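Shown next, in structure tokens, is the structure this report addresses.
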Amino acid sequence: MFENEIAINQLQLKQFAAIVADLPEECLYTRGAGHGHPPVWILGHLAIVGEMGQTFLGGSLTHPTWAPLFGPGSSDEVQPDDSLTRETLITSLNQAYETLQSMAAEAKPEDVAGPHGIELFDGSPIQTVSHAISLLLTNHFAFHLAQLSSCRRDRGLGHIF
């Protein structure tokens, strides 16, 4: 299940690797022009949301303390923290989506047919767990990847794609 979404997310993870290659540790807390989010929040948000996606498929949060800091509805006012290194965030994000992909590939249609319970999507076309997993692997990841890419471009670097 989710073959197309997994393929898209795999491509996005390759794009992610190219983008973060040019984002050094010292720019983690520099807000992006336009969207205003610092890379530390974007990285942490994508990582924790990937872990949250796993919970729909029987998984659990690897970084539960990150949920209030980076989860849906969180402020992007992240204070410098020695535990939130560039490498830790990148590794956590990659692990979150690799695991989500594996779990999604094994999901049975009946396991993802029910309502997701995400208040943010109440009244939207995103109704089921399947819809939510598809969104997390594609649109949500791409939206924040574009923000991260703009942080890279803010550093005066040219396009990479």
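The values are calculated or read from the model by the stated rules, or taken from the named source; none is laboratory data. These numbers come from a predicted model, not from an experiment. All Cβ positions, even for glycine, are placed from backbone atoms using ideal geometry, and neighbour counts span all protein chains on display. In case anyone asks, the SASA skips ligands and DNA or RNA and just uses the protein heavy atoms, side chains included. Shrake-Rupley method; radii C 1.70, N 1.55, O 1.52, S 1.80 Å.
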Return the pair list, or none, for Cβ contacts closer than 8 Å from residues in region 91-109 that are assigned to a helix (DSSP H, G or I) to residues that are modelled with pLDDT under 95, at least 6 apart or on different chains.
ALA104/MET1; ALA105/MET1; GLU106/MET1; PRO109/MET1
For the list (1) out of contact with any Phe, Trp or Tyr (no Cβ under 7 Å at 6 or more places or on another chain); (2) touching a residue at least 60 places away in the same chain (Cβ under 8 Å), I need the number of the one condition that GLY50 fails.
(1)
Given the conditions (1) farther than 19 Å from HIS131 by Cβ; (2) open to solvent by 60 Å² or more (accessible area, probe 1.4 Å); (3) touching a Ser or Thr at 6+ places or on another chain (Cβ under 8 Å), and given that PRO109 satisfies all but one, which numbered condition is not satisfied?
(1)
Does PHE161 fit the bill of being within 18 Å of LYS14 (Cα to Cα) and outside any helix (DSSP H, G or I)?
yes
Identify the single condition in (1) part of a loop (DSSP other than H, G, I, E, B); (2) surrounded by 22 or more Cβ atoms within 10 Å (Cβ to Cβ) that ALA33 does not satisfy, given that it satisfies every other one.
(2)
Looking only at region 4-19, decide whether some residue is among the charged types (D, E, K, R), open to solvent by 10 Å² or more (accessible area, probe 1.4 Å), within 18 Å of ILE118 (Cβ to Cβ) and in contact with a Leu (Cβ under 9 Å, 6 or more places away or on another chain).
yes
